[in-house]
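Each remark here refers to the structure printed beneath this line.
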Amino acid sequence: MFKIRFVVIFSLLVVTLLSAQAVVSAPPIPNPIVYFMGFESFPQNGKTFIRYHYDVFNKDQFPAEMFAAAPNLPPCGANTKSSRTWIDIFDATGKRLNGFCALGNPADLNQLWFALEDNVVPPSYIYIEMTDRQTNTKYKSNLADTTN
């Protein structure tokens, strides 16, 4: 009786250890580190605007599947194949300045921007939030300057 109990317990222990080793966890997803790249002026509808460009320093640490088309999630306007993760740019007080809902891969995080009329003083700092709509997880960046 003791031997049978020992064999059963030992077998369960071995199965548990083997199954625990088979689980491979992905590295944690970091918060984005955003930084100012520069600005440019451009005309639109008879006005002049300044576009402020940003990049995400650690964009290579985000899995590509976060930016895959997600037709099973709510659309972004008429875009029914918008990406799983949306990016919003905010000023330091939380006012939304721009958003991106169709970036195709992490490398596209070098194309973030917002624009203001040339006579509007830009906020001193901005931050971004990346919202993974599939997992309902937000990743908030550092504060980044709006000047060099």
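The values are calculated or read from the model by the stated rules, or taken from the named source; none is laboratory data. These figures come from a predicted structure and were not determined experimentally. Cβ sites come from the backbone with ideal geometry, for glycine too, and all protein chains shown count toward neighbours. Surface accessibility is based on the protein's heavy atoms, side chains included, excluding ligands, DNA and RNA. Shrake-Rupley method; radii C 1.70, N 1.55, O 1.52, S 1.80 Å.
Give, as a single signed number, the net charge of other residues whose beta carbon lies under 10 Å from the beta carbon of L109, with Lys and Arg counted +1 and Asp and Glu -1. Could you put the intermediate results ahead of the total?
Working: positive: K59; negative: D55, D60, D108.
Combined, the nearby Lys, Arg, Asp and Glu give -2.
So what's the net charge close to T147: Lys and Arg +1, Asp and Glu -1, counting the other residues with Cβ under 15 Å from its Cβ?
With Lys, Arg at +1 and Asp, Glu at -1, the net is -3.
Using per-residue counts of other Cβ atoms within 10 Å, averaged over each peptide, order 105-113, 123-131 from highest down.
Working: 105-113: 17.3, 123-131: 19.1.
Highest-to-lowest ranking by the protection proxy: 123-131, 105-113.
At a Förster radius of 22 Å, what calculated FRET efficiency corresponds to the Cβ-Cβ distance of F57 and K95, to the nearest 0.05?
Details: r = 24 Å, r/R0 = 1.08.
Computed FRET efficiency for F57 and K95: 0.40.
Check the straight Cα-Cα distances from K140 and name the aspartates and glutamates below 13 Å, setting aside those fewer than 8 residues away within the same chain.
Cα-Cα hits under 13 Å: D88, D91, E129, D132.
On the protein heavy atoms, probe 1.4 angstrom, tell me the percent of accessible surface of the range 23-140 carried by carbon and sulfur.
On the way: 3640 of 6780 Å².
For the range 23-140, the apolar C and S fraction of the accessible surface comes to 54 percent.
Find the relative contact order for the range 70-148 and round it to a whole percent, using C-alpha pairs within less than 8 Å whose residues are 6+ positions apart.
On the way: 124 pairs, mean separation 22.7, N = 79.
The normalised contact order for the range 70-148 reaches 29 percent.
With each label point set 7 Å from Cα along the Cα-Cβ vector, what nm distance links K81 and K140?
3.4 nm
Can you give the FRET efficiency to the nearest 0.05 for V121 and F42, using r as the Cβ-Cβ distance and R₀ = 25 Å? If you can, show how the numbers build up before the last one.
On the way: r = 18 Å, r/R0 = 0.73.
Result of the calculation: an efficiency of 0.85.
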